[in-house]
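See below for the structure under consideration.
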Amino acid sequence: MKIKHNKNFTAGAIITAFMLAVILIGMVWTPYDPNAMSGAERMLAPCPSHPLGTDNFGRDILSRVVEGAGATFVIAAATVAIGLAAGLVVGGLTGYYGGWLDEVVMRFNDAVAAFPSILLALVLIALFGSGKYNIILALGLLFIPSFARVVRSEVARQKSLDYVAGARLMGAGDMRILFLHILPNIIPVLLPSVAIGFNNAVLAEASMSYLSVGVQPPDASLGRMLNEAQGYLLTAPWYALSAGVAIILLVLGFGLLSEGMGGEYGAA
Amino acid sequence: MALLDIRDLHVTFLSTGKEAVRGVDLTMEPGQRLGLVGESGSGKTVTAMALSGLIERWNVNMTGQVLFEGRDLLACSRSQLRAVQGKDIGVVFQEPMTSLNPLMKVGRQVEEVLKIHTDLSAGQRRARALEAMEQVGLRSPERTYEKYPHQLSGGQRQRAVIASAMVIRPKLLICDEPTTALDVTVQAQILSLLRSISEEFGVAIFLISHDLSVVRRLCESVCVMYKGAIVERGDTDRVFNDPRDEYTRRLIAAIPKRKRHE
């Protein structure tokens, strides 16, 4: 692979590495306590002691952006993990065995995918209740169909290749063929869709928190901050900008990574 | 007892209703090298797939018997079949580019069949794999063991495939056009390798090919298949020198002749 010649991949890697570094540092250290309020320092414009200013409660926006990006990242990663794990099982089995099982599961899949995902997520939240962990569960469930579909089509394609027939003719069992032989071979196709899925999860989390059903105050989350910031759009635009730019960087980084990977494998 | 005894095999594809194999009878003795020739669509590959158990059973209707050491493979369940597949019957495919898993080290693929069918330890498996790789003429097996398929040439890959089939010493090796994807010099090497393996270890070889000259180089007897039925069978030399069926004659006439220089 000639990743170093791929500008998308390089740019994506740099942005993602930067965001990951910020998030990791934010887990152990932030300039201020993200939830510490200060009546004297409300709505400060960016200044040396508060590089991104303060919000309506006098909380340091930089600290909150770092903390919020961390929360968003963890939720998105957990969402993708749930969707991917279940998608691998569902897609792997349906793609490998085909037949009526495949038809039934995939039509159910289509039905789920046909609903607007935010709407379905809100329905699930209404069932589970709001909060950080319920958001992960709801979004994770919603992400299963898209991963299952990618895995299914790729497994179905690999299944007909000679090396799989060869393994079968060696007397290998179905699970051995599916998990030992086929799954590693679908990773190249899976990686870009994991990156895209991660992006969708970031946006979905931000939307949910913006609608106040995700991360609950006083905890910071990028979507939550956007919601709080919209009341001060004209008086304190840096508030909304900070949270918005953080979301953009997260999404852009993974988007470029996915683009770069797709290009690499597509050209190969 | 014959090693393989196919009796009145009929194979019909349910999806198209086409009868690909119409009443094939065939016997193979242990250690025998038999060629099955015919044009594309003559049913030769379907016959081989039927006896290797690779046909998706829900898509075909098979009647007749495929007796392997007296046991009817068509009547076996999938798990019974798995006990025979790989262990007693090995298969070599046409396309060495796709018949190896691209993400698995060559050595691990060679020893895969041992992992499935024996209780050998990792070290024993590795030793057996290295031995098999040496026997099929892969130079420096230690290094080849650690390589991935894309690092090998087409001929080396086909040797690795043969090694992976031979490592457990099956009684029958089914070769489906094993040399078609290779260039001519490598073809000759692979054919002589198959011949020496068969002679040294007493493995029977069931060769499927559209190319009579390939069959002639490897097999002592040959069956000619046309439209799902065997139209002529006998010793390879006899069939070559004195073909009795009209189709066989046309097939032999289709072999390009070497030009004589005066």
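The values are calculated or read from the model by the stated rules, or taken from the named source; none is laboratory data. Computed from a prediction, not measured in an experiment: that's the story for all the values here. Heads up, the Cβs are rebuilt from the backbone with ideal geometry, glycines too, and the neighbour counts pull from every protein chain shown.
I'm checking my understanding of the structure. Among residues of region A:122-170 that are of a type in the set (S, T, N, Q) and not in a helix (DSSP H, G or I), which one is surrounded by the most Cβ atoms within 10 Å (Cβ to Cβ)?
Once the filter is applied, the top-ranked residue is A:S130.
Restricting the first residue to region B:186-204 and requiring it to be more than 16 Å from B:V167 (Cβ to Cβ), which pairs with a second residue that is in a helix (DSSP H, G or I) meet a Cβ separation below 6 Å and a spacing of at least six or different chains?
Final answer for the pair search is B:V186/B:G155; B:I190/B:Q158; B:L191/B:R217; B:L191/B:L218; B:R195/B:L218.
If B:M49 satisfies all but one of (1) over 19 Å from B:K227 (Cβ atoms); (2) among the hydrophobic types (A, V, I, L, M, F, W, C); (3) within 14 Å of chain A (Cβ to nearest Cβ), what's the number of the condition it fails?
(1)
For every residue, the table says whether it meets (1) free of Cβ contacts under 8 Å to residues at least 40 places away in the same chain; (2) away from chain B (no Cβ under 14 Å); (3) at positive phi; (4) hydroxyl-bearing (S, T, Y).
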residue: A:V89; (1), (2), (3), (4): yes, yes, no, no
residue: A:G98; (1), (2), (3), (4): no, no, yes, no
residue: A:M106; (1), (2), (3), (4): no, yes, no, no
residue: A:N109; (1), (2), (3), (4): no, yes, no, no
residue: A:A113; (1), (2), (3), (4): yes, yes, no, no
residue: A:L119; (1), (2), (3), (4): yes, yes, no, no
residue: A:I125; (1), (2), (3), (4): no, yes, no, no
residue: A:F128; (1), (2), (3), (4): yes, yes, no, no
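Could you list, in sequence order, the residues of region B:47-69 that are within 26 Å of B:V203 (Cα to Cα), modelled with pLDDT under 85 and not hydroxyl-bearing (S, T, Y)? Step through it out loud before you land on a result.
In the first step, residues of region B:47-69 are kept if they are within 26 Å of B:V203 (Cα to Cα); the result is B:47-55, B:64-69.
Then drop every residue that is not modelled with pLDDT under 85, which leaves B:48-55.
Passing the criteria: B:A48, B:M49, B:A50, B:L51, B:G53, B:L54, B:I55.
Listed residues A:L203, A:L226, A:L250; which is crowded, with 24+ Cβ neighbours inside 10 Å, in a helix (DSSP H, G or I) and aliphatic (A, V, I, L, M)?
Going through A:L203, A:L226, A:L250 in turn, the sole match is A:L250.
When you check A:A172 against the structure, is it within 14 Å of another protein chain (Cβ to nearest Cβ) and under 30 Å from B:R169 (Cα atoms), yes or no? So that I can check it myself, show each step before the final result.
Numbers: within 14 Å of another protein chain (Cβ to nearest Cβ): yes; under 30 Å from B:R169 (Cα atoms): yes.
Taking the combined requirement at face value, the residue satisfies it.
Would region B:28-37 turn up any residue that is within 14 Å of chain A (Cβ to nearest Cβ) and either surrounded by 16 or more Cβ atoms within 10 Å (Cβ to Cβ) or in contact with a Cys (Cβ under 9 Å, 6 or more places away or on another chain) (or both)?
No: zero hits.
So if I check each of B:Q189, B:Q135, B:Q109, which one is within 24 Å of B:V37 (Cα to Cα) and more than 13 Å from the chain's Cα centre (by Cα)?
Going through B:Q189, B:Q135, B:Q109 in turn, the sole match is B:Q189.
Give all pairs with beta carbons closer than 6 Å in which a residue from region A:168-188 that is within 14 Å of A:L88 (Cβ to Cβ) and in contact (Cβ under 8 Å) with a residue 24 or more places away in the chain meets a residue that is in a helix (DSSP H, G or I) and of a type outside the set (F, W, Y); count only pairs at least 6 apart in sequence or on separate chains.
Matching pairs, first to second residue: A:L178/A:G92; A:I182/A:V155; A:I182/A:Q158; A:N185/A:Q158; A:I186/A:E154.
Considering only region A:42-53, I want to know if a residue exists there that is at pLDDT below 90, of a type in the set (A, V, I, L, M, F, W, C) and out of contact with any Gly (no Cβ under 8 Å at 6 or more places or on another chain).
Within region A:42-53 (the criterion being at pLDDT below 90, of a type in the set (A, V, I, L, M, F, W, C) and out of contact with any Gly (no Cβ under 8 Å at 6 or more places or on another chain)), the answer is yes, since at least one residue qualifies.
Condition first: assigned to a helix (DSSP H, G or I) and among the aromatic types (F, W, Y). Can you find one or more residues in region A:42-64 that meet it?
Scanning region A:42-64, I find no residue that is assigned to a helix (DSSP H, G or I) and among the aromatic types (F, W, Y), so the answer is no.
When A:G214 is evaluated against the numbered criteria (1) out of contact with any Asp or Glu (no Cβ under 7 Å at 6 or more places or on another chain); (2) touching a residue at least 60 places away in the same chain (Cβ under 8 Å); (3) part of a loop (DSSP other than H, G, I, E, B); (4) not charged (D, E, K, R), which criterion, by number, is the only one it fails?
Among (1) out of contact with any Asp or Glu (no Cβ under 7 Å at 6 or more places or on another chain); (2) touching a residue at least 60 places away in the same chain (Cβ under 8 Å); (3) part of a loop (DSSP other than H, G, I, E, B); (4) not charged (D, E, K, R), the lone unmet condition for A:G214 is (1).
Which of the following residues is more than 30 Å from B:T248 (Cα to Cα) and among the hydroxyl-bearing types (S, T, Y): B:S153, B:S209, B:S196?
The conditions single out B:S153.
Given the options B:L172, B:L182, B:L100, name the one that is in contact (Cβ under 8 Å) with a residue 60 or more places away in the chain, more than 14 Å from every other protein chain (Cβ to nearest Cβ) and either surrounded by 17 or more Cβ atoms within 10 Å (Cβ to Cβ) or acidic (D, E) (or both).
Going through B:L172, B:L182, B:L100 in turn, just one is in contact (Cβ under 8 Å) with a residue 60 or more places away in the chain, more than 14 Å from every other protein chain (Cβ to nearest Cβ) and either surrounded by 17 or more Cβ atoms within 10 Å (Cβ to Cβ) or acidic (D, E) (or both): B:L182.
Residues of region B:104-132 being more than 14 Å from chain A (Cβ to nearest Cβ) and under 20 Å from A:A172 (Cβ atoms), which ones?
B:G107, B:D119, B:L120, B:S121, B:A122, B:Q124, B:R126, B:R128
Please tell me if B:V66 is touching a residue at least 24 places away in the same chain (Cβ under 8 Å) and crowded, with 21+ Cβ neighbours inside 10 Å.
So B:V66 fits the description; yes.
Within region A:5-18, does at least one residue satisfy the condition of being within 17 Å of the chain's Cα centre (by Cα), under 23 Å from A:F198 (Cβ atoms) and β-branched (V, I, T)?
yes
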